[in-house]
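Worksheet for the structure shown next.
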Amino acid sequence: MLAPMQSVQALGSTSLLTESFSDPTVSSPAWVVGGTAFTPCLTASTDTTQTPIPGCATGAVGLPPGGDAAGSGALRLTDNSGDEAGFVLYNKPLPTQAGLVVNFGQYQYDGTGADGISFFLTNGADELTAPGAPGGYLGYAGGDHPAIGDANGVANGLFGVGLDAYGNYSNFNNLGCTNTGIPTIPSFNKNQIGVRGPGEGMTGYCWLGGTGVFSTPLNVDSALRRTAAGVQVAVQITMDPPSDVDPEIQVAINGTDVLDVPEPTDLPPTFKFGFAASTGGSNDIHEINDLQVATVNLLPPSWDLSGTTSGAFTVGGTGDFIFTATPDPAWGSGVDPLTLTNTLEDGATVASLPTGAGWNCSATVIGSSTVSCTYTISGTQTPGVALPSLTVAEQMPALAGTVVNTATVTSADNYALDTSNSVTLSRLLAPAIPVTGAAIAGPGLTGLLAILFGGLLMVAGRRTRRVRPR
């Protein structure tokens, strides 16, 4: 198992994902796998039908008959046959603004030295279901190049880091790309680490820089197991927060910084990521494990609000709207006080002060159409752990119809990724219970009206029996 090359706790960052790939299953359902002539698989499992990532088939090259022992496996992206491509994609948006630190182990072995492994980012607003082109494009880039084929790159690509054993990832320049200010220009170099920028289809994916021929071998072709000497390479990829002055992408190998390139500008608020590997006329087994994904800076919370209803909700009656605020589990801990605002619609009003453990609703006026409540957090609120629910009792209007209720939570430190900090609930009002003669005791207002109008009482549009005066 790998230890992270720098402590995310020491950096004051937020962990986004930990996936060892060393066990028979994975912890997240957000993974998407696929490939050409090979499907990536977990070497510690032989269940080829499990999801989202299958186990490797019994008898797979380089593995014991029953697969690797639990806790000592890896995610195999390709085996050592020719013309294969495999990919694994994390199809869940993660935040960009606090930067990114990714640690993982990579293994390229038992083959003839091709092609390599890529790590790449795409726009988090878009579905990530397919990688870029295989071969020298390493599953990230694309282009129009006879030597390595014409193919499309990954859709909405932001950047891709190539751990390029064979050398073709650095061996092309697409139309419109320039090398101005780049210390190393694209050229065929075996055993090179390089970074390419944003792209779509066959356009972009420009070379941002590379190491040139790298002194630490990325692949050990003579090794038959990933445990052999020199096969394991610890990789750390860091993306500075986009708000930094002159932000960069850095690559460190076995604890040593080996590459720094300018970070692409205008990155979107969220990203998704993936790994890919491929073989061609030459080959290697390609594997990764011990993945840790974290932010560079402490991530703010992003509050989610959910709601439900309770009660009869009759015309002229009452009903409860119940709201629950939770910091998104993929974001940071809540610290600052949280305010819930709720504007009642369709003639509904506040029946009584809202209730909920820890909520202060003194700013809410009974009989009004506006709710304002504040919750002061003690210490921090753990991502994914909900605050106590807040119940808002409402007086329904006297007319039949539907009442709609929209509530929103905000805090000074909240990052509004989308509209998930608001929720809209609605209820169709049931007719009021008809008032019968037995309900009219004495000459009250209702009785007088009944007498005045000939004993015919209308409640919510329904006719009740005639009440005869005594």
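Tabulated values for the structure
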{"quantity": "Among residues of region 388-409, those that are over 21 Å from THR314 (Cα atoms) and in contact with a Phe, Trp or Tyr (Cβ under 6 Å, 6 or more places away or on another chain), counted", "calculated": "3"}
{"quantity": "Index of the failed condition, GLN250 passing every other in (1) under 22 Å from ASN191 (Cα atoms); (2) in contact (Cβ under 8 Å) with a residue 40 or more places away in the chain; (3) surrounded by fewer than 21 Cβ atoms within 10 Å (Cβ to Cβ)", "calculated": "(2)"}
{"quantity": "All positions within region 325-382 that are over 27 Å from the mean Cα position of the chain (by Cα), small (Gly, Ala, Ser) and not in a loop (DSSP other than H, G, I, E, B)", "calculated": "SER372"}
{"quantity": "Close pairs from region 285-309: first within 30 Å of ASP221 (Cα to Cα), partner in a strand (DSSP E or B) and among the small types (Gly, Ala, Ser), Cβ under 7 Å, at least 6 apart", "calculated": "HIS286/ALA277; ILE288/GLY105; ASN289/GLY105; ASP290/GLY105"}
{"quantity": "Within region 392-424, considering residues that are over 20 Å from the mean Cα position of the chain (by Cα) and assigned to a loop (DSSP other than H, G, I, E, B), the one surrounded by the fewest Cβ atoms within 10 Å (Cβ to Cβ)", "calculated": "ALA412"}
{"quantity": "Candidates SER215, SER243 - the one that is of a type in the set (Gly, Ala, Ser), assigned by TED's automatic domain parsing to the domain that holds GLY73 and under 21 Å from TYR109 (Cβ atoms)", "calculated": "SER215"}
{"quantity": "Verdict on GLY162 being of a type in the set (Gly, Ala, Ser) and touching a helix residue (DSSP H, G or I) at 6+ places or on another chain (Cβ under 6 Å)", "calculated": "yes"}
{"quantity": "Residues (surrounded by 18 or more Cβ atoms within 10 Å (Cβ to Cβ) and either at positive phi or among the charged types (D, E, K, R) (or both)) located in region 321-342", "calculated": "ASP328"}
{"quantity": "Any hit, region 222-230, residues being at positive phi and crowded, with 20+ Cβ neighbours inside 10 Å", "calculated": "no"}
{"quantity": "Boolean, THR43 is assigned by TED's automatic domain parsing to the domain that holds LEU224, at pLDDT 95 or above, surrounded by 24 or more Cβ atoms within 10 Å (Cβ to Cβ) and of a type in the set (S, T, N, Q)", "calculated": "yes"}
{"quantity": "Set THR96, THR112: member being more than 21 Å from ASN168 (Cα to Cα) and of a type in the set (Ser, Thr, Tyr)", "calculated": "THR96"}
{"quantity": "Candidate set from region 257-304 (those that are of a type in the set (S, T, N, Q) and part of a loop (DSSP other than H, G, I, E, B)); member that is surrounded by the most Cβ atoms within 10 Å (Cβ to Cβ)", "calculated": "THR279"}
{"quantity": "Residues of region 66-99 that turn out to be closer than 28 Å to ALA114 by Cβ and without any contact (Cβ under 8 Å) to a residue 60 or more places away in the chain, as a count", "calculated": "3"}
{"quantity": "Strands (runs of 3 or more DSSP E) completely within region 84-177 that count 3 or more residues being within 16 Å of the chain's Cα centre (by Cα) and crowded, with 24+ Cβ neighbours inside 10 Å", "calculated": "116-123"}
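Quick grid of which residues meet (1) at pLDDT below 90; (2) among the charged types (D, E, K, R); (3) more than 22 Å from LEU16 (Cα to Cα):
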| site | (1), (2), (3) |
| --- | --- |
| ALA85 | no, no, yes |
| VAL102 | no, no, no |
| GLY105 | no, no, no |
| PHE119 | no, no, no |
| GLY132 | yes, no, yes |
| GLY157 | no, no, no |
| SER170 | yes, no, yes |
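The values are calculated or read from the model by the stated rules, or taken from the named source; none is laboratory data. Nothing here was measured: the structure is a model prediction, and the numbers come from that model. When we count neighbours, we look across all protein chains shown, and the Cβ atoms used for this are built from the backbone with ideal geometry, even at glycine.
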